[in-house]
Each structure stands twice: as structure tokens, then as C-alpha cells.
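The values are calculated or read from the model by the stated rules, or taken from the named source; none is laboratory data. Just so we're clear, the structure is a prediction, and the values are computed from it rather than from any experiment. Glycine also receives a Cβ, built like all others from the backbone with ideal geometry; neighbour counts cover every protein chain displayed. We work out accessible area using only protein heavy atoms, side chains counted, and drop any ligands, DNA or RNA first. Shrake-Rupley method; radii C 1.70, N 1.55, O 1.52, S 1.80 Å.
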Amino acid sequence: QLTEKIGKIIYFNPYGSGSQRKLSAIKINEIKNHIQKIFPRHSILIQSKEHSGLSIKDIGDNVYVFETNAFNDILAIIGISVFVVSVDTATSHAATALGKSSIVFYLENKENYIEWNADSDRSLPILSKRRKGRVLSDINNFSNDELSDSLIKIKSTIN
């Protein structure tokens, strides 16, 4: 029913576990804009911690937000999505299990990536970059060109 109402869906989960694995509002908006540029006829369904309940709210321009902690809800949404954009979470593994392509943001930690990535040719990783003088990498410090390239690659596989 949801796809009948809002069309083809791209599921976007900007929140991972831990404070280092949350995309900022600025980066969420940048990613949304990149998706809309390459997939102008698709709707983006963003999991948002600012909205409560499973009610899906239209925030304009084919962008909708929802919040749920029920993994069954997330699985159902992934199942009807064209592809998934996510921070390193169970969402990326669920997308792989359901045969969906995904773009997944990871911290720059190759050992952690090797251990926890979804290990699928359908899962396109984007590793954050360390900023000079910082001990830890920040999930928000990634290449927009790499994001665009990944979106174009997914578009070529689903058309």
C-alpha cells in the first residue's frame, strides 16, 4: 500500500550505533539532495529520531520521515525499497539478506570494516576520512564524489 501511495522508495537510515556513527543534519540534507538529483522520480523514506511512531510524514518534494524501533517494520520497508542508504548498522545486513543494493557509510577503521561489513557486491561502502589532527574519524567526513559515483552505479544496476 505504501508504494501505491508514494511510489518507488529509497530507504535512508542516517543513524548508526554510537555517537561517531550519526550523520549530521547537514549531511543528511546533502545525501538527500544527491539522491534526488540522480533519482528524481523516487521517494526517499528517512528514518528520523525527531518523529515518533510509525506514522509516515510527508515533508515535501517526495521526502518522507518515520521513526520505529521495531526491526520487523524496518525489514518490511527495506523489502519494498528499491535500494538502501545507511550508516553501518543492522540495516545494511538486512538489505543484503533481502537482496537489495545499498550504500553504507563506515568509519575509517579497516579492521572493523572487514569484520562487520555486509560482504556483498551489492553493498557499496563509503569510508569516512580522518581530518588532520583528529584521533578518531567522523562518519560525516566523506567524499560527495564517491557518494555520487555509488548512486550512479546503483542506478545502472536497477534500470
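Worth a mention:
- LYS5 being modelled with pLDDT under 90 and not in a loop (DSSP other than H, G, I, E, B): yes
- Inter-residue pairs, beta-carbon under 6 Å, first at positive phi and in the range 1-16, second open to solvent by less than 40 Å² (accessible area, probe 1.4 Å) and hydroxyl-bearing (Ser, Thr, Tyr), 6+ apart: GLY7/SER43
- Single condition PRO125 does not satisfy, out of (1) more than 30 Å from GLU4 (Cα to Cα); (2) not in a strand (DSSP E or B): (2)
- Checking each residue in the range 67-79 for being surrounded by fewer than 13 Cβ atoms within 10 Å (Cβ to Cβ) and hydrophobic (A, V, I, L, M, F, W, C) picks out ALA70, PHE71.
- One residue stands out among those in the range 52-66 that are open to solvent by less than 80 Å² (accessible area, probe 1.4 Å) and at pLDDT 80 or above: the one that is farthest from GLN36 (Cα to Cα), which is PHE66.
- Those residues of the range 80-103 which are crowded, with 19+ Cβ neighbours inside 10 Å and part of a helix (DSSP H, G or I), in sequence order: THR91, SER92, HIS93, ALA94, ALA95, THR96
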